[in-house]
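Below you'll find the structure, written out as structure tokens, and then a few comments.
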Amino acid sequence: MNFFQNSEDLLGSKEAEQPGSVTDLLRLAAEIRTKLGGEGYLIESYLSRFFQAVIASCSQEAVSDGYEASSELRDLCFYALDAASGDSSPHKHRSFQLTDTDAEAETHPFYPEVKQHFEESPDQSAQRFTVVNWHYALLSEEFLQYAMSRFLSDKKENITEVLQNADLNMLYDGISAVVREPLMERLNRMLKEQFLAVPASMGFSYGLSCALLDSLVYEDSETGKQMFQLLMDDCSETLK
């Protein structure tokens, strides 16, 4: 598939399947409220608490979180490079987002992988930023797995707390008992299409991918090549 022939292949088409309108969603909610009679407040409470739960897992924030988390890997790469040369003080102490602490770089959970990678992979350049971006790119997939685990764990705690306070399951069952479950299933489907189209995990992964692009297009001052070209050259060597 050549998705550069049309900008819509990259950005998405306005004709692509779109979620139903908010008006349709609220019209259905109003219908459910009418059927609930004197207990109409239940559907209002259900929607309010659902919206709060979605805010706790907002994908927009997840993209930013992913991009910002990438700085941890970059800092660890700088530290490993400096440590190898006996000068680690500039990057020794950092505030790490994923661990939510000010910590020594050596104690970061992912540092052993970074250190091992530097020890097993000889530097391909004398240029400091080239070396860091080289290791950063090659470690990015493994770091994504680590960072995603931490991110989902933190988000799960936040959402679990919101859901426990919200009693959404209890509200769902109570409303369904009166209006019948098919109406609530339809409402939930519309809520998901409208507000949960992009999972938080996908947003976080995308943020890290955007940060990876910064490394891949970094230009080495010695060779004039971008990082992705240097990595391709290295791949070609392994194919011989």
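Tabulated data
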quantity	calculated
Hits in segment 40-88 (condition: farther than 30 Å from A126 by Cα and acidic (D, E))	E44, E61, D65
Any hit, segment 165-177, residues being open to solvent by 80 Å² or more (accessible area, probe 1.4 Å) and within 28 Å of the chain's Cα centre (by Cα)	yes
Those residues of segment 185-214 which are of a type in the set (G, A, S) and open to solvent by 30 Å² or more (accessible area, probe 1.4 Å), in sequence order	A197, S201, S205, S209
Check on K115, part of a helix (DSSP H, G or I) and crowded, with 16+ Cβ neighbours inside 10 Å	yes
Cβ pairs under 7 Å, 6+ apart, first in segment 188-202 and touching a residue at least 24 places away in the same chain (Cβ under 8 Å) and within 24 Å of S149 (Cβ to Cβ), second of a type in the set (V, I, T) and part of a helix (DSSP H, G or I)	L196/V54
Residue check for Q226: modelled with pLDDT of 90 or more, closer than 23 Å to L76 by Cβ and in contact with an Asp or Glu (Cβ under 6 Å, 6 or more places away or on another chain)	yes
Given (1) closer than 21 Å to S70 by Cα; (2) touching a Leu at 6+ places or on another chain (Cβ under 9 Å), number of the condition V217 does not satisfy	(2)
Long-range neighbours under 6 Å by Cβ, at least six apart or interchain, first residue surrounded by 15 or more Cβ atoms within 10 Å (Cβ to Cβ) within segment 135-159, second of a type in the set (F, W, Y)	Y146/F110; F151/F204
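The rows are residues; the columns are (1) assigned to a loop (DSSP other than H, G, I, E, B); (2) over 30 Å from L171 (Cα atoms); (3) at pLDDT 90 or above; (4) hydrophobic (A, V, I, L, M, F, W, C).
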| site | (1), (2), (3), (4) |
| --- | --- |
| E31 | no, no, yes, no |
| T34 | no, no, yes, no |
| G37 | no, no, yes, no |
| A53 | no, no, no, yes |
| R74 | no, yes, yes, no |
| C77 | no, yes, yes, yes |
| D82 | no, yes, no, no |
| D87 | yes, yes, no, no |
| S95 | no, yes, no, no |
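The values are calculated or read from the model by the stated rules, or taken from the named source; none is laboratory data. In this text, all values refer to a predicted model and were calculated from it rather than measured experimentally. Methodologically, a virtual Cβ is constructed for each residue, glycine included, from the backbone with ideal geometry; neighbour enumeration extends over all protein chains shown. Heavy atoms of the whole protein, side chains included, go into the accessibility calculation; ligands, DNA and RNA do not. Shrake-Rupley method; radii C 1.70, N 1.55, O 1.52, S 1.80 Å.
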